[in-house]
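Following: one structure in structure tokens, then a few remarks.
Values quoted throughout were computed directly from the atomic coordinates according to the rules given, and no laboratory measurement underlies them. As the structure is a computational prediction, the values presented were derived from the model and not from experiment. Cβ coordinates were reconstructed from backbone atoms using ideal geometry, including for glycine residues, and neighbour counts include every protein chain displayed.
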Amino acid sequence: MSSFLYKVVASVDSVSLITTPQIVFIGKSNVGKSSLINALLKRKLAYSSKTPGKTRAINLFKTEQEFLLVDVPGYGYAKRSKDERQIWENIVDLFLRTNVSSIKLVFLLIDCRHELKEIDIQAIHYIKSMNLNNIVILTKSDKKMHSGLRETLESSYTMETIAYGKYTKNTQIYSIINKYMS
Ligand SMILES: Nc1nc2c(ncn2[C@@H]2O[C@H](COP(=O)(O)OP(=O)(O)O)[C@@H](O)[C@H]2O)c(=O)[nH]1
Ligand SMILES: [Mg+2]
């Protein structure tokens, strides 16, 4: 079977335990979450747009391999920051806590072109506080990487990092995913 949209979680009431193994994608609006998920699904299922802050719900996609890719609403988009904070503090937090036993890995996406933002640091602390397996994906690596970003993440925040851009092969991400799935 090919990949498909499995479930949309748009309110606190629709959060429930899903026992299917999950890979979660977190990061600022516009960082490239939906683009990466679409690439992995080999279908344009995740909403991707040039307008930041458009994905408001948690979208779960079933892969051909029968696990779930979870597209979490972005944070850090100024115009919507109050709404976003509400979504994050309510739906996203509840979803992650409820499904902590099914979440095999959290990918935290950070745009490789910019310096580390306070909101990304908060996300790092949050993921660590939940004891979730995690890896930073430095996105848009087809563009020039901000100097020192990788070193800061690895030495100051002890985060494992990988680069991902337009020309990165899916197999590279899938080999990481498969390691955490088994
Ligand atoms: N140069 C470059 N642009 C990208 C890449 N991935 C995504 N983008 C662009 O970044 C914008 C936001 O992407 P999207 O996947 O919607 O981000 P999301 O808000 O995190 O889901 C879009 O204009 C994409 O075309 C990448 O690897 N390289
Ligand atoms: Mg998106």
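Summary table
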item	result
Calculated from backbone phi, Karplus (6.51, -1.76, 1.60) coupling profile of the range 168-178 in Hz, x at Gly/Pro	6, 7, 3, 4, 5, 6, 5, 5, 5, 4, 4
Within-15-Å neighbourhood charge of Tyr6 [Cβ basis; K, R +1; D, E -1]	0
Set of aspartates and glutamates with alpha-carbon distance to Lys62 below 16 Å, sequence-local pairs under 8 removed	Asp71
Computed Kirkwood radius, in angstrom, where 1/r is averaged over Cα pairs of the range 132-182	12.0 Å
Per principal axis, descending, Cα span of the chain in whole Å	41, 37, 32
Projected label distance in nm at Asn131 and Ala10, using a 7 Å step from Cα toward the beta-carbon	3.5 nm
Cα-centred dipole magnitude for the chain, charges only on beta-carbon of K, R (+1) and D, E (-1), debye, nearest 20	640 debye
The chain - mean residue ellipticity at 222 nm from DSSP helices (-39,500 (n - 2.57) per run, n ≥ 4, rounded to 500)	-7000 deg cm²/dmol
Amide H within-cut-off set for Gly27, under 5 Å, with H built and near neighbours excluded	Tyr75, Leu109
Under 21 Å from Lys144, Cα to Cα: lysines that are on another chain or at least 8 residues apart	Lys28, Lys33, Lys50, Lys117, Lys166, Lys169
